[in-house]
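Novice: Just passing along the structure, written as structure tokens.
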């Protein structure tokens with residue numbers, strides 16, 4: 001019962017953020033130059049048709065009323081229509097979203113083993129050679145342009161070695177894994193350093209706690225203390241970073257999907273920007289933000305499940 | 001304070017790039033915009049150190065001139081977000097109350113948007129171009145600075161020297177400028193160095209996607225995009241601009257990392 005109340009509370013707290021996000025995407029639309037409806041219906045539309053559509057989206061109302069209309073349409077899942085494909089934006093998103101979701105989850109799965117190995121390694125030998133090298137790699141990782149790395153990977157692993165396909169998404173689960181391996185690998189380079197840095201400093205924090213001394217003094221081996229006490233306690237601070245990482249990955253997907261011609265949300269967004277397909281751009285931005293909010297919510301709930309002290 | 005070797009390396013790297021940018025006309029072996037159909041897609045060699053692209057432009061000279069644009073974008077792009085973020089963060093942390101609440105709610109709203117996606121969306125509305133990228137950065141990039149500045153100001157507000165200054169009758173503005181700001185500055189400067197790297201990267205990514213600096217400018221992102229179709233045969237067109245970007249980005253990132261250690265912000 002208490003848990004349920006907590007979940008409801010968190011959901012309620014997300015409402016103002018959701019409203020704020022909708023204001024931002026609404027503002028994007030208002031700031032767009034030109035008349036989107038004129039673009040939507042084309043030049044041959046009669047004034048009556050235009051008036052009808054303007055009325056439907058409430059474009060002649062005062063700005064506040066326009067926002068209310070926008071919000072009402074949103075709640076009904078109406079994100080407007082694509083000027084390019086002449087289909088509802090929600091339909092386009094439904095087609096492209098699973099691909100990006102697959103890519104993000106795939107990247108995370110590939111990211112975890114090296115992150116854990118590298119941060120444990122560098123934290124246990126603080127300021128040792130490994131620690132310095134890993135730190136330096138982190139600095140380089142920060143500076144590498146993802147789209148450039150993606151191109152080089154495509155050239156080397158795709159063209160020269162021929163190990164992986166360099167574009168598309170494939171048709172089966174196995175093909176997805178194969179097609180998205182290089183995109184996931186390229187994005188990884190970006191996230192691994194950030195995560196390693198955080199997990200490492202969390203590990204270092206925990207290693208200086210009193211319970212470590214207690215463990216050692218009652219005769220537990222250093223390894224044992226690390227595995228059963230230090231490591232589990234370091235997971236939580238890193239978990240909090242997870243939502244930020246997902247946001248990073250979604251941002252990275254925009255670039256990587258373009259390079260590898262992966263038919264996901266990122267590619268959809270870039271193409272829509274270039275084609276001035278404003279409703280799609282707006283809808284995609286909104287969906288990206290909603291995804292991050294959901295992940296943030298999930299992380300919060302998971303954190304309290306792991307450490308009940310966090311719930312009020 | 002011991003100067004960290006990381007900081008020194010980074011500083012030297014950035015210095016070298018600064019000199020390259022200043023002396024670009026002297027260092028370049030060719031006109032970066034000169035089209036030469038006699039020398040199309042030539043591999044790196046004595047005549048063209050980094051090879052030539054599909055219209056015979058000298059990649060080396062273009063990379064050298066690209067340093068100007070990269071530094072211009074990186075150094076100019078962080079100023080507005082830094083000033084805006086620092087002001088909002090310091091005010092929010094120092095005064096607390098409704099100022100703080102308002103600033104925090106603003107932060108909450110920007111957090112869910114992936115940084116690059118929001119920048120893209122704003123550039124999409126304003127139109128492509130570097131000025132619009134700067135505007136987008138100012139609208140979105142202040143968040144990180146605000147969070148850091150606020151965290152510092154919240155602590156400093158209760159510091160004894162601030163309380164002492166208050167009892168001596170100094171104004172809030174004077175205290176903020178003379179006592180709170182200088183003491184809050186170090187994490188902000190460290191963050192700024194990393195931010196320069198990111199601003200350069202995202203600027204180039206915009207150029208790559210066709211929404212930043214427009215061709216035929218000698219901008220590294222644009223150059224990488226131009227080489228994309230030739231990556232299988234003429235890899236050098238894309239390879240060298242990217243390498244230059246890594247070298248410059250690493251410089252700023254090393255400065256940030258070294259500073260963080262020297263100022264004891266991070267172990």
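Coordinate-derived values only; no laboratory data. As the structure is a computational prediction, the values presented were derived from the model and not from experiment. Ideal geometry is used to build each Cβ from the backbone, glycine not excepted, and the neighbour counts take in all protein chains shown.
Novice: How large is log10 I(q)/I(0) at q = 0.10 Å⁻¹ when the Debye formula is applied to the Cα atoms of chain A, each weighted equally and without solvent?
Specialist: -0.73
Novice: Equivalent-ellipsoid semi-axes (√(5λ), Cα gyration tensor) for region B:170-216, whole Å, largest first?
Specialist: Values: eigenvalues 285, 29, 6 Å².
Taking √(5λ) for each Cα gyration eigenvalue gives 38, 12, 6 Å.
Novice: In percent, what relative contact order does chain A have, based on Cα pairs under 8 Å that are 6 or more apart in sequence?
Specialist: Working: 303 pairs, mean separation 75.3, N = 312.
About 24 percent, as a whole number.
Novice: For the residue pair residue A:178 and residue A:54, what label-to-label distance in nm results when each label sits 7 Å from Cα along the Cα-to-beta-carbon direction?
Specialist: If labels sit at residue A:178 and residue A:54, their model points lie 5.5 nm apart.
Novice: Still on this structure, I have one more. Ordered by packing density, taken as the mean number of other Cβ atoms within 10 Å over each peptide's residues, highest first, how do B:131-142, A:206-217, B:188-199 rank? If you can, show how the numbers build up before the last one.
Specialist: Numbers: B:131-142: 20.2, A:206-217: 13.4, B:188-199: 22.2.
Per-residue Cβ counts within 10 Å, averaged per peptide and sorted highest first, yield B:188-199, B:131-142, A:206-217.
Novice: Let me know the mean shielding of B:118-129 by other chains, meaning the per-residue number of their Cβ atoms within 10 Å of its Cβ. Write down the numbers at each step before the final one.
Specialist: Numbers: counts 8, 1, 11, 12, 5, 1, 13, 11, 3, 2, 2, 0.
So the per-residue partner count for this stretch is 6.
Novice: Need the full-extension length gain, residue A:8 to residue A:236, defined as separation in residues times 0.36 nm minus the C-alpha distance. One decimal, nm.
Specialist: 79.9 nm
Novice: Another question, if that's okay. Using mean Cβ contacts within 10 Å as the protection proxy, how do B:83-89, A:70-76 order, highest first? Please report the intermediate quantities before stating the final value.
Specialist: Values: B:83-89: 21.0, A:70-76: 14.0.
Put in order of decreasing packing, that is B:83-89, A:70-76.
Novice: Stick to Cα atoms and the Kirkwood definition of Rh, then tell me Rg/Rh for the protein assembly as shown. Kindly include the intermediate steps, with their values, before the conclusion.
Specialist: Details: Rg = 25.4 Å, Rh = 25.9 Å.
Checking Rg against Rh, the ratio lands at 0.98.
Novice: Please report the spacing between the Cα centers of region B:107-139 and region A:125-161 in Å, no decimals.
Specialist: Cα centroid to Cα centroid, the span is 27 Å.
Novice: Give me the percent relative contact order of region A:94-275, please, defined on Cα pairs under 8 angstrom at least 6 residues apart. Don't skip to the end; give the middle numbers.
Specialist: Values: 192 pairs, mean separation 59.9, N = 182.
That works out to 33 percent.
Novice: Here is a follow-up. Rg and Dmax in Å for region B:1-148, alpha carbons only: what are they?
Specialist: Expressed in Å, the Cα Rg and Dmax of region B:1-148 come to 21.3, 69.
Novice: For helix A:278-306, what angle does its Cα long axis make with the longest principal axis of chain A, in degrees from 0 to 90 and rounded to 10?
Specialist: Around 30 degrees separate the two axes.
Novice: If you line up the long axis of helix A:129-143 against the longest principal axis of chain A, both from Cα atoms, how many degrees apart are they, to the nearest 10?
Specialist: Once rounded, one gets 10 degrees.
Novice: Using a basic spin-label model with each label point 7 Å from the Cα along Cα→Cβ, how many nm lie between residue B:68 and residue A:15?
Specialist: Distance between label points: 5.7 nm.
Novice: So, one more: So how do A:159-168, A:268-277, B:205-214 stack up, highest first, on mean other-Cβ count within 10 Å? Let's see the in-between values first.
Specialist: Numbers: A:159-168: 13.7, A:268-277: 21.0, B:205-214: 23.1.
Averaged packing, sorted descending, gives the order B:205-214, A:268-277, A:159-168.
Novice: Any idea how far apart residue A:274 and residue A:68 come out in nm if each label point goes 7 Å out from Cα toward Cβ?
Specialist: Rounded to a tenth, the inter-label distance reads 4.1 nm.
Novice: I'd like the mean, over residues of A:133-143, of how many other protein chain beta carbons sit within 10 Å of each residue's own Cβ. Let's see the in-between values first.
Specialist: Working: counts 0, 0, 3, 6, 0, 2, 15, 6, 3, 12, 15.
If you average over the peptide's residues, the count of other-chain Cβ atoms is 6.
Novice: Could you grab the Rg to Rh ratio for region A:99-173? Cα atoms only, Kirkwood for Rh. Before the final figure, lay out the partial values.
Specialist: Values: Rg = 16.0 Å, Rh = 14.9 Å.
Rounded to two decimals, Rg/Rh equals 1.07.
Novice: Oh, and also: Would you mind calculating the gained length between residue B:263 and residue B:158 on full extension (0.36 nm times residue separation, minus the Cα-Cα distance), in nm to one decimal? Intermediate results must be reported in sequence, preceding the final value.
Specialist: Details: separation 105, 0.36 × 105 = 37.80 nm, distance 2.15 nm.
Fully extending the segment from residue B:263 to residue B:158 adds 35.6 nm.
Novice: Give me the extension gain from residue A:306 to residue A:109: residue separation times 0.36 nm, minus the current Cα-Cα distance, reported in nm with one decimal.
Specialist: Working: separation 197, 0.36 × 197 = 70.92 nm, distance 2.06 nm.
Separation in residues times 0.36 nm, less the Cα-Cα distance, equals 68.9 nm.
Novice: Between region A:176-193 and region A:67-82, how far is it from one alpha carbon centroid to the other, in angstrom?
Specialist: Here the two parts' Cα centres lie 34 Å apart.
Novice: What translational diffusion coefficient, to the nearest whole µm²/s, does region A:66-207 have by Stokes-Einstein, given a Kirkwood radius computed over alpha-carbon pairs, a temperature of 37 °C and 0.692 mPa s viscosity?
Specialist: Estimated diffusion coefficient is 181 µm²/s.
Novice: Moving on to the next point. Please compute, for peptide B:215-226, the average count of beta-carbon atoms on other protein chains lying within 10 Å of each residue's beta-carbon. Walk me through the intermediate numbers first.
Specialist: On the way: counts 0, 0, 0, 0, 0, 2, 3, 0, 0, 5, 4, 0.
Mean partner-chain Cβ count within 10 Å for B:215-226: 1.
Novice: Sticking with this structure for a sec: Could you tell me how far the Cα centroid of region B:149-216 sits from the Cα centroid of region A:249-312, in Å?
Specialist: So the separation of the two Cα centres works out to 28 Å.
Novice: Assign one of three labels to chain B, namely rounded, prolate or oblate, based on the Cα gyration tensor with a ≥ b ≥ c the square roots of its eigenvalues; rounded applies when a/c is under 1.5, prolate when it is not and a/b is larger than b/c, and oblate otherwise. Spell out each step's value before the answer.
Specialist: On the way: a/c = 3.22, a/b = 2.03, b/c = 1.59.
It is prolate, given that a/c is not under 1.5 and a/b is the larger ratio.
Novice: Does anyone have the angle between helix B:130-140 and the longest principal axis of chain B? Alpha-carbon axes, 0 to 90°, nearest 10?
Specialist: 30 degrees
Novice: A further question follows. For region A:206-263, report the % of Cα-Cα distances exceeding 18 Å.
Specialist: Numbers: 916 of 1653 pairs.
Here the long-distance tail beyond 18 Å is 55 percent of all Cα pairs in region A:206-263.
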